[in-house]
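The values are calculated or read from the model by the stated rules, or taken from the named source; none is laboratory data. Nothing here was measured: the structure is a model prediction, and the numbers come from that model. Please note: Cβ atoms are built from the backbone with ideal geometry, for glycine as well, and neighbour counts cover all protein chains shown. Each accessible area value is taken on the protein alone, full model and side chains, heavy atoms only, with ligands, DNA and RNA left out. Shrake-Rupley method; radii C 1.70, N 1.55, O 1.52, S 1.80 Å.
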Amino acid sequence: MSVPSSPDAAGAEALAERLRHPVTFCFLDILGEPVRVTNAPYSFAFSGTGDEDLDGFTFDAVDPRVVSVGTVKAKEGGSDTLVLQLSGIPGVDADMLDQIMTRTNWQGRDARLWKALLDPQDPSRIISMWSYFTGYMAVPRISGSRSSQTITLEVETYLAFFGQASNRTYLDQAAFDPGDRSAELSIAIANGASKRT
């Protein structure tokens, strides 16, 4: 069994009634310290889902007043950038700042989100769960004042990540046209060699 990418029939029916609100499960593959959290009222341990990012792990319940997950908006070519925020932090010490600003801890690493409906009779039991967003993290930003700070993390979908500029230059031209010597000649000119070879 694997976690579907949309709610099953029972889940869709419960959502359509607009009486039940799904909870969110979030996995951030931070280098050396992956984070698994949920805004559900209880922490959840998963097994038997068939999803390697869920099975064998516990998602810790966090206060939804200090953690916010932006809305996923679908558009042509993929979803908009998703924004995650951790707010109300009293202060960021040097160690935490170093962790946040180390690009390799975050940039290009996986972020995944799931939605789930809890059993109204037993909120510690999930009756329907589906995966709804997967993407790559960017480097977080810190904003706020001395008394309270917010960490903002943007997550790009795979399509947006692969659609970024290639950052190629004329130095790469020979890879596309073996007879093109523009890179070689540009370097020669820059180094003051004006004679043609």
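In the stretch 72-90, the residue that is modelled with the lowest pLDDT out of those that are over 19 Å from Pro140 (Cβ atoms) and exposed (fewer than 15 other Cβ atoms within 10 Å of the Cβ) is Gly77.
The number of residues in the stretch 28-51 that are of a type in the set (Phe, Trp, Tyr) and either surrounded by fewer than 11 Cβ atoms within 10 Å (Cβ to Cβ) or over 21 Å from the mean Cα position of the chain (by Cα) (or both) comes to 1.
Within the stretch 134-183, restricting attention to residues that are surrounded by fewer than 13 Cβ atoms within 10 Å (Cβ to Cβ) and assigned to a helix (DSSP H, G or I), the residue that is modelled with the highest pLDDT is Ser182.
Can you tell me which of Glu52, Glu33, Glu13 is at pLDDT below 90 and farther than 22 Å from Pro140 by Cβ?
Numbers: Glu52 fails: at pLDDT below 90; Glu33 fails: farther than 22 Å from Pro140 by Cβ.
Result: Glu13 is the single residue among Glu52, Glu33, Glu13 that is at pLDDT below 90 and farther than 22 Å from Pro140 by Cβ.
Looking for something modelled with pLDDT of 80 or more, open to solvent by 40 Å² or more (accessible area, probe 1.4 Å) and under 16 Å from the mean Cα position of the chain (by Cα) - is there at least one such residue anywhere in the stretch 114-122?
Pass one, the stretch 114-122, residues modelled with pLDDT of 80 or more: 114-122.
This time we only want the ones that are open to solvent by 40 Å² or more (accessible area, probe 1.4 Å), so: 115, 120-122.
In the following step, the residues that additionally are under 16 Å from the mean Cα position of the chain (by Cα) were identified as 115.
Among the residues of the stretch 114-122, at least one is modelled with pLDDT of 80 or more, open to solvent by 40 Å² or more (accessible area, probe 1.4 Å) and under 16 Å from the mean Cα position of the chain (by Cα), which makes the answer yes.
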